[in-house]
Amino acid sequence: MGKQTIERLYAAFSNLDGAGMEACYAERARFEDEAFVLSGRRQIGAMWRMLCEGARMQGIAHWRLVVRDVRATAAKGRAHWEAHYLYGPGRRKVHNRVDAEFEFDDDGLILRHRDRFGMWSWSRQALGLPGLLLGWTPWLRAKVRWQAGQQLQRYVEKRR
């Protein structure tokens, strides 16, 4: 059941379908990566919808997702995914390489999801010179997390 959930999650992501991604999470799910620490299906779904809308706005022709090495039992799973997209007002090309770990509930929905990627690698691509110089520092990591949280909060408030 877990493998099918992972495959559904990334099929929805490939199609930039944030609502389809949200449907893969349990109500009390938790998500964490370098930019976000989120609790609950609605908050996690809002993040995915925001990211999917952002990728569509940058141009679907610039979006590509590659998923491999999907492995799962009924309780746990993992996958490797790579996203190619444009980031921010400068439309910087980003190729983000991510290792994902999952835990599932009894219904096969995602209970915990942890994405790991190289923050310095991402920040060099997405932020340019500041990312190159500061992407390895705790200060930039904290700033990216704060800004991502603010962006998600504004996104959610706009849709209320």
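Quick notes on this one:
- Residue count for the stretch 50-78 under the criterion of being in contact with a strand residue (DSSP E or B) (Cβ under 8 Å, 6 or more places away or on another chain), farther than 17 Å from Tyr10 by Cβ and assigned to a loop (DSSP other than H, G, I, E, B): the result is 3.
- Each residue in the stretch 119-160 was checked for being among the aliphatic types (A, V, I, L, M) and either without any contact (Cβ under 8 Å) to a residue 24 or more places away in the chain or over 13 Å from Gly88 (Cβ atoms) (or both), and 9 of them qualify.
- Residue in the stretch 86-98 that is within 18 Å of Glu53 (Cα to Cα), open to solvent by less than 90 Å² (accessible area, probe 1.4 Å), of a type in the set (Ser, Thr, Tyr) and touching a Leu at 6+ places or on another chain (Cβ under 9 Å) present: yes
The values are calculated or read from the model by the stated rules, or taken from the named source; none is laboratory data. Small disclaimer: the values here were computed from a predicted structure and weren't measured. Cβ: placed from backbone, ideal geometry, glycine included. Neighbour counts: every protein chain shown. These area figures cover heavy atoms from the full protein model, side chains too; ligands, DNA and RNA do not enter into them. Shrake-Rupley method; radii C 1.70, N 1.55, O 1.52, S 1.80 Å.
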